[in-house]
Amino acid sequence: MRYLKSDSDTIKTVQQWCRTYQKAYERKDRSWQRLEAEGKWLAWDAVLEVLKQQRELYESSGPCELTRAQESQKYTVLLLYYSIPPARSKEYRELRVTFSRQNLATWDPIANAASNWLVVQNDHSRTLLYLGAHKTSRKTVPNRIQLNSTDSTKVVLGQLVDFVCRDRDVLLRGNARPDTTDWLFLNSRGEPFGTSDSWTKYIQSIFKQLANVAISSNALRSSFVTDLLTSRNRPSDDLLAEVAFAMRHSSSEQSRTYDCRSSADKVTRAVALTSERVATALDVTTAAAPAPVATTTSSKRRRRADDDDNVAPEVGDIVGAVDDSSTLRKPFVHFAFLGYLRSKLPAGGTTEPDLIQVYNADLLRQFLKFMEDERGSAAGTLSCDCQSFLHALNFLRSEGHCSVTIRHWLTTYQKAANRQRDVSWQRLKAKGKWLVWKEILDVLKLQRELYEAAGSTFAKAWESQKFTVLLMYCAIPPARGREYRELRFTFTEEDLQLWEPDSTQSNWLLLSGNHSRGLLYVGAHKTYRHIGVQRTELSADGSTNALLEQLVAFVCRDRPALLQGRTPQDFLFLESRRDHPCRPGRPPKKKSKLPPSVGDIVALAEDASTREHPVILLGKVLRIYPDSREVLLAHLKQMEKSRKSRADYKITAGRDAWVEGFDSLVFPIDIAYDTARGVYSLRTPVRDIHDHVFDGQDSTDSD
């Protein structure tokens, strides 16, 4: 594609597709539990059992020479895969055999270095596995694996010699192609396996016959790596790097592609570490946890703000300082910048500020100075503002609106702001924004005392929620605010490792029916696009038993007291109003004096609305009249309800606009813009909006 310089748009589009598919592949659940449920996995111990069964078939094959030769070849193939770090299919499929008298350490193929050979010394005491034709041969030197009769490889050496000198000649009798007689492994016609598909089917047939699971050589590689990472005597990082070299791939590829542990397995060691510290602080005895395992994930390469390879944002992407409702046709900068621009526009101006004004360098300087002097923004906040504008400028540059000078100035300003940032714990502690971890554990102990000493049912439930939240932050590696704020819970009898919600990007706490196990399913988090879903297992017989016990007590005993007969919610943590979960975009507050801004979505209730049949209207604020305390609203028409009964709305641009007073508005409400469908999804229950307007009484009630 590098030669298609004239068609740069096509190249950028294909590059974007490539990145999208790569991220989707990285987010895919490739755990061994999922593969085993799909019939595509065999544990490494089970591979050893298949090897033993094949050896028995080989030894009891009977007097027929052809049958014995075929079983000998199958046993030799399995022994190679098990005795040596498993190779890719091409490396063994194209393996040739030869005999040599020279020193194997200096042996090289005469014709083509990019080829694979099994070199047997004439006295059969040593062999060399020379792998020069493999996937990464352009980046690494050929692999040389020596097999000696005096070390641990003597078993595979003996079988290779027996197969080459005795059984392989039987398979060659049907070969009608003299130029292929040096290939090591042969098909039923005595010829080489011509394609990768034929070799894969050959391997799958062996495992299908003996284990009733058809797995390929790639699955064997994954099983081998996963077994190393989950073993109690986990190899060191240096040894894992050597294993990666022996398998002809990098360490990052080892963890990204061949590590099939579940996300719960990958966080086991971190969870055990934090749980043990909490147990020590609370004087709680924890059960012995199984040997945890950790993984080293490759760090993703971050795109720099001054990269020349910038791609226009997709519909719905949060591009720098762009609002959630932004599209490529009508992008809008975040509300802080919009409000500043509105205050700087000349009186009587009718043009709403938009993203195009970002490329005005003087206006950007004024805004950053205003944020620093008037708002007191710290250096870190200003650096983030610069980064946001740089993302917007990348889009504008692709449209031909932006000069390089402004981008260079913003980058310089951002670097200067980063140099001024002092995020040391000493500075944060001086500002009253820091606690060492030991002090946090002391806070946890104090909260437990408050919980145990609480009197009334509601007070005990409220203190129980506080203790549960702190325990979750301390017993497992702390999460971001959104991950626990949007956490829902449910009970299930399914296998927790295979459980999937209706929406992947959601957070759930799963509890088994007997309360002996739990699973923290985190799919809605900041780095979902890169690492996908994370699963943390909670077990009553592991280091997380204290956390699981408290979660069960809170869900089954204390949390119902917080609802007090109101509408049931599946969100785990609730606000003090007792009827609203801790959800993004706060629910309506009674008698709120906070006025909306231009672009905000507000709700109203019609006079005919009742609590059984609430009639709610939504509108988008187009203009504000502060003198008369009125707003101009654009009507959002309700769409047909989806299968999940979610209330979706779509703006009717250019019509159905009306003026409404401040006192009739319900604001703020919990509403999100779905960029994929181009609709607004209302999350606040319409009955709560009705209660907010009519104080819980039906509007049709008489005196």
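Scanning segment 203-217 for residues that are in contact with a Lys or Arg (Cβ under 7 Å, 6 or more places away or on another chain) and of a type in the set (S, T, N, Q) yields one hit, Ser217.
Those residues that are among the acidic types (Asp, Glu) and open to solvent by 50 Å² or more (accessible area, probe 1.4 Å), I need them from segment 172-188; list them, please.
Residue satisfying the conditions is Asp179 alone.
Only residues that are open to solvent by less than 40 Å² (accessible area, probe 1.4 Å) and either farther than 18 Å from Phe571 by Cβ or in contact with a Phe, Trp or Tyr (Cβ under 6 Å, 6 or more places away or on another chain) (or both) were counted in segment 472-491, giving 3. State which residue is modelled with the lowest pLDDT when the search covers only segment 90-106 and only residues that are open to solvent by 20 Å² or more (accessible area, probe 1.4 Å) and under 30 Å from Val225 (Cα atoms). Of everything passing the filter in segment 90-106, Ala105 is modelled with the lowest pLDDT. For the condition closer than 30 Å to Leu471 by Cβ, out of contact with any strand residue (DSSP E or B) (no Cβ under 6 Å at 6 or more places or on another chain), at pLDDT 75 or above and not in a loop (DSSP other than H, G, I, E, B), Leu273 qualifies. All conditions in (1) surrounded by 15 or more Cβ atoms within 10 Å (Cβ to Cβ); (2) within 25 Å of the chain's Cα centre (by Cα) hold for His530, with the sole exception of (1).
Flag: Thr10 does not match the condition of being at pLDDT 70 or above and hydroxyl-bearing (Ser, Thr, Tyr). In the condition set (1) assigned to a helix (DSSP H, G or I); (2) at pLDDT below 90; (3) under 30 Å from Thr381 (Cβ atoms), Ala461 is compliant with all but (3).
Looking for something under 16 Å from Asp29 (Cα atoms), in contact with a Phe, Trp or Tyr (Cβ under 7 Å, 6 or more places away or on another chain) and not basic (Lys, Arg) - is there at least one such residue anywhere in segment 521-529? Within segment 521-529, one or more residues are under 16 Å from Asp29 (Cα atoms), in contact with a Phe, Trp or Tyr (Cβ under 7 Å, 6 or more places away or on another chain) and not basic (Lys, Arg). Give segment 498-516 a look and list any residue that's open to solvent by less than 70 Å² (accessible area, probe 1.4 Å) and over 16 Å from Ala540 (Cα atoms), or say none. If the condition is that a residue be open to solvent by less than 70 Å² (accessible area, probe 1.4 Å) and over 16 Å from Ala540 (Cα atoms), then Leu498, Trp499, Pro501, Ser503, Thr504, Ser506, Asn507, Trp508 are the ones that fit.
The values are calculated or read from the model by the stated rules, or taken from the named source; none is laboratory data. Just so it is clear, the model here is predicted, and its values are computed rather than measured. Please note: Cβ atoms are built from the backbone with ideal geometry, for glycine as well, and neighbour counts cover all protein chains shown. Note: areas computed on protein heavy atoms with side chains; ligands, DNA, RNA excluded. Shrake-Rupley method; radii C 1.70, N 1.55, O 1.52, S 1.80 Å.
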